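Structure first, commentary second.
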Amino acid sequence: MKKKVIRVLTIFILIHAGFIKADAQVESLAPGVEKISSGIVDKFTPYSFCEELPLKTALGELPAGKLPFNINDIKININNRGVVVEIPLDDKEQLYGFGLQLGSFNQRGLKIRPIVNDNPLNDLGYTHGPATFYVSNRGYGILINTARYATFYCGNTEKLSDHNNAIPSTRKDGNSVQDLYQNDNQTSSNVTVDIPGAKGIEVFVFEGPDLKNAIQRYNLFAGGGALPAIWGLGIKYRVKADFNQQEAEKMAAYFRNNHIPCDVLGIEPKWQTAAYSCSYVWSKDYFPSPDAFIDSMTHQGFHINLWEHAFVSPKSPLYQPLKNKAGNYLVWNGLVPDFADTAARKIFAGYHEHTFVKEGISGFKLDECDNSNIAFGSNAWSFPELSQFPSGIDGEKMHQLFGVLYQKTIYGIYKKLNLRTYLDVRASNDFASSYPAALYSDTYDHNQYIKMILNSGFSGMIWSPEVRESNSIKDFIRRSQTAVLSAQSLFNSWYLRNPPWLQINRKMNNDGQLMDNAREVEADIRKLFEFRMSLIPYLYNAFAMYHFKGIPPFRALVMDYPDDKNTFNLSDEYMIGDGLLAAPLTEKQDERTVYLPAGYWYDYNTNQKYQGGKQYSIKPALNQLPLFIKEGTILPLAKPVEHVTAGEVFEITCYVYGQGPASATLFEDDGNTFNYDAGAFNTVQLNWDGRKGKVVRSGKFKHYNYLVKSWQLIR
């Protein structure tokens, strides 16, 4: 084992009114990953709960990176207020990240305060997935390891000591208010981070050499990206909140009888005897025979996902065991478990393991683990920041970490049992890359939902732009296309009695009044779902690359094209794997402008070829996917199935785009366990020599998941 490399970096720490010279340690943690430590670091930080080991072999295989500045130029000041960190920034750098941001994309010039919140407001940084990690197109990433509420000034401040009295040439003379507000505010040569209350800090530095490599290092350092169960990449449908066992079974029968693909059936709050707060006990009034229900659904090919949140009702068997391991404030009269404490997590997980997971529950929706205090004021429902927990963590830090600790608690059950899952969660944080949990939101702005697909890739998070009711059929179809072209295809009918494609109007849906053209829309949705099922082999390989190489399966174009200025602010197009480019449309768009980067690209619907480096106006029909394929791509599309069974053999047609040789891979394993960690997987190499295709398998997995039936060349 290589010894850790530690060296001393001299910095200045500001104490009271004067300067005191102090030392900070710079420690090499893995290839291309360094940590700067100064002062008294908080006990509870995002990294303190990261138990997944860095994938050091994969980290070492990345090209060597070099920072565009000297690491010694990162300055840390500690004063009575807290900690201030200054990271060098040149005048042309573009910055991305800070978690699952809704309103912003390129963070250069912004003030961002990444705080967990269930109703993000005014583009201030509040989000379901806050992160203190950002990346630069100059090829590096910075993570401030704190669970405190920190503020990032991304090149939009100027210190008096740095001011040279020169007016930048880009500024106007300021004779009017309009001139004042139009002046370039990117005046700082630093990203300045304000961390009130802190007495010390750790700064993680992830080298490139390019933006994607920096992201890879971050994900690999956190244990690799998530690899969900393969069935999780199908369609997930959540039934109405008050459905009973018979109604849920009827909905399952609807999917199978109408041959509409569906892999996961989500059961909402009424399955429990108490939901706000939660009992975690099956309601005999609503689900009189849960074991029979689970068995029946499993036999029909459904995986059952149960809704819950972590606030423990006095009616719950968990209440007494957790009473002394919870915060000193209640939520909905329920306990807030101290998930920062190993013993509390063990109690909560142990109950779920024996009561649900071993009985056949495949996953959970972990709701309400964010915070409403900021958005709702007097109507706030979560615990206050002043809360205290037995472990010693306070309410502020617990809010920031609660979602990721909740994921950790539940995911640990499945990993212990060697079962893979795909969870839903409403809050996350740094170093959560390895958790197979898709974030979602009760907000419903389609433009924001698209932007969050891109932003999720900068922070090791998975985003699910779920579909509910819609304003029009056009709105519904456009939203459905985005869902199908995302990491999790989720249709959430928690307040709809019938599927939304049969009636888009909420009241009429619940009154049982279906649309006159309901069956026509249903047919369109069936085709869309079948496309998603066809794409599973490609998506599964993209997630395998996420796990083993740290490459986000869904990502902004700037990650692949960091030197192309046209991608710097492009927040409504994204890559899916290495070869697909999605350009979703919303309800108000009949056509849109799409930018295609360097190379040649093909319209998925028409096979029309486009030269890259240009913008084009596209006008796809409502039943056409806004999708482009990069030249040199082999797109393996499977014959669609209605659900993924154990040992599924996908019949594949390989579509080859372009005239030259091409290659691609598929990841092959059992899709349900962690046996791939012990080498039980195959790499399926797809090769096209310009005239014919060839399949080459290598690995230790004994079963074939993919049968290539034909090859088609798209010139």
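The values are calculated or read from the model by the stated rules, or taken from the named source; none is laboratory data. The structure presented is a predicted model; accordingly, all values stated were derived computationally and were not measured. Neighbour counts run over all protein chains shown; Cβ positions are idealised from the backbone, glycine included.
Whenever a residue of segment 242-255 is closer than 13 Å to Ile304 by Cβ, its partners that are in a loop (DSSP other than H, G, I, E, B) and of a type in the set (A, V, I, L, M), lying with C-beta atoms within less than 7 angstrom and at least six residues away or across chains, give the pairs Ala248/Val239; Met251/Val239.
Residues that are within 20 Å of Thr45 (Cβ to Cβ), modelled with pLDDT of 95 or more and in contact with a strand residue (DSSP E or B) (Cβ under 8 Å, 6 or more places away or on another chain), at least 2 per element: which helices (runs of 4 or more DSSP H) completely within segment 375-491 meet that?
395-416
Counting the residues of segment 219-244 that are assigned to a helix (DSSP H, G or I) and either in contact with a Ser or Thr (Cβ under 7 Å, 6 or more places away or on another chain) or among the small types (Gly, Ala, Ser) (or both) gives 2. Among the residues of segment 495-544, those that are of a type in the set (S, T, N, Q) and farther than 22 Å from Ile576 by Cα comprise Asn498, Gln503, Asn505, Asn509, Asn510, Gln513, Asn517.
Answer yes or no as to whether Ala380 is closer than 22 Å to Leu121 by Cβ and touching a Ser or Thr at 6+ places or on another chain (Cβ under 6 Å). For Ala380, the condition - closer than 22 Å to Leu121 by Cβ and touching a Ser or Thr at 6+ places or on another chain (Cβ under 6 Å) - is met. The residue pairs whose first member lies in segment 317-334 and is in a helix (DSSP H, G or I), whose second member is surrounded by fewer than 21 Cβ atoms within 10 Å (Cβ to Cβ), and whose beta carbons are closer than 9 Å, counting only pairs six or more residues apart or on different chains, are Tyr319/Ser279; Pro321/Ile347; Pro321/Tyr351; Leu322/Ile347.
Considering only residues in segment 582-616 that are out of contact with any Lys or Arg (no Cβ under 7 Å at 6 or more places or on another chain) and of a type in the set (Phe, Trp, Tyr), the one that is nearest to Phe628 (Cα to Cα) turns out to be Tyr604. Being among the small types (Gly, Ala, Ser) and at negative phi is the filter here, so list the residues in segment 201-234 that pass it. Selection gives Gly208, Ala214, Ala222, Gly225, Ala226, Ala229, Gly232, Gly234. Residues of segment 51-73 that are of a type outside the set (S, T, N, Q) and over 29 Å from the mean Cα position of the chain (by Cα): Phe69, Ile71, Asp73. Checking each residue in segment 45-102 for being under 28 Å from Tyr126 (Cβ atoms) and polar (S, T, N, Q) picks out Thr45, Ser48, Asn77, Asn79, Asn80, Gln94, Gln101. Restricting segment 659-686 to residues that are in contact with a Lys or Arg (Cβ under 7 Å, 6 or more places away or on another chain) and exposed (fewer than 15 other Cβ atoms within 10 Å of the Cβ), the residue that is nearest to Trp711 (Cα to Cα) is Gln659. Close Cβ contacts (under 8 Å, 6 or more residues apart or on different chains) running from residues in segment 665-683 that are touching a residue at least 24 places away in the same chain (Cβ under 8 Å) and closer than 21 Å to Gly579 by Cα to residues that are of a type in the set (Lys, Arg) and assigned to a strand (DSSP E or B) comprise Glu668/Arg697. Scanning segment 611-629 turns up one or more residues that are aliphatic (A, V, I, L, M), out of contact with any strand residue (DSSP E or B) (no Cβ under 9 Å at 6 or more places or on another chain) and loosely packed, with under 15 Cβ neighbours inside 10 Å.
For every residue, the table says whether it meets (1) of a type in the set (Ser, Thr, Tyr); (2) farther than 20 Å from Thr421 by Cβ.
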| residue | (1), (2) |
| --- | --- |
| Ser663 | yes, yes |
| Asn675 | no, no |
| Asn682 | no, yes |
| Val696 | no, yes |
| Phe701 | no, yes |
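Is at least one residue of segment 494-509 under 30 Å from Leu405 (Cβ atoms) and either of a type outside the set (A, V, I, L, M, F, W, C) or outside the structural domain of Gln216 (by TED's automatic domain parsing) (or both)? Yes, that holds for at least one residue. Scanning segment 66-117 for residues that are buried (at least 23 other Cβ atoms within 10 Å of the Cβ), among the small types (Gly, Ala, Ser) and more than 26 Å from Glu573 (Cβ to Cβ) yields a count of 0.
Restricting Ser480, Ser434, Ser428, Ser470 to those that are under 23 Å from Asn371 (Cβ atoms), surrounded by 21 or more Cβ atoms within 10 Å (Cβ to Cβ) and of a type in the set (S, T, N, Q) reduces the list to Ser428.
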